[in-house]
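First comes the structure, then the notes that go with it.
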Amino acid sequence: MSPRAAWRLESFGFGQVHDYTGGKVDWLAAGLPTEGPGPGTMRVTLVMDRDVPTCAPDDALEPVVEGTRAAGWEVCVVLNDHGVVQGRLRPSKITGSATGDVADVMEPGPATVRAHEDVVQALGRMEKRGVTSLLVTTPEGRLLGVLRARTRLDPE
């Protein structure tokens, strides 16, 4: 809200009033909840998978690869201690024995989208580029989930 509105609410005795300067788009991009009908577009946050496997750069590679494969995922998202995406690990691209740390073989700086983006457009970009998954992050780079190319948009 605007600073004037925040000051006005404080004058009425409200505490914990904040001036959120990021704006509505920043709120939506962070995947935060909204109310009301809103625009007619379906957002990425509504269809992304939130339970994607994650690991740290200094995790031992072998158990991460085994766990990712056992969970049926093609990717493990590499996060730092603050949940910020550092890279992506694709077990299918590992040749030979899985020794060392995740950081040794991860793909740094993977492409991401924000939670408020139109899911049809995001899936179209993925198809055009031959990509099977796309990470969804907040504006600060924190992982929210993964949009998968096989996402169904029609109700079953």
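Applying a threshold of 7 Å to beta carbon distances and a minimum spacing of six or more residues, or different chains, the list of pairs starting in region 75-103 at a residue that is at positive phi and in a loop (DSSP other than H, G, I, E, B) and ending at one that is of a type outside the set (S, T, N, Q) and modelled with pLDDT of 90 or more reads G83/R142; G83/L143; G100/L61.
Against the definition (modelled with pLDDT of 65 or more, of a type in the set (D, E) and more than 14 Å from the chain's Cα centre (by Cα)), how does E62 come out, yes or no? Write out each step before concluding.
Working: modelled with pLDDT of 65 or more: yes; of a type in the set (D, E): yes; more than 14 Å from the chain's Cα centre (by Cα): yes.
So E62 fits the description; yes.
For P57, are the conditions met, namely being farther than 15 Å from V146 by Cβ and not in a loop (DSSP other than H, G, I, E, B)? Outline the logic, then answer.
Values: farther than 15 Å from V146 by Cβ: yes; not in a loop (DSSP other than H, G, I, E, B): no.
In short, no.
The set of residues from region 37-54 being at pLDDT below 85 and of a type in the set (K, R) comprises just one member, R43.
The values are calculated or read from the model by the stated rules, or taken from the named source; none is laboratory data. These numbers come from a predicted model, not from an experiment. Positions of Cβ are generated from backbone atoms using ideal geometry, with glycine treated the same way; all protein chains shown enter the neighbour counts.
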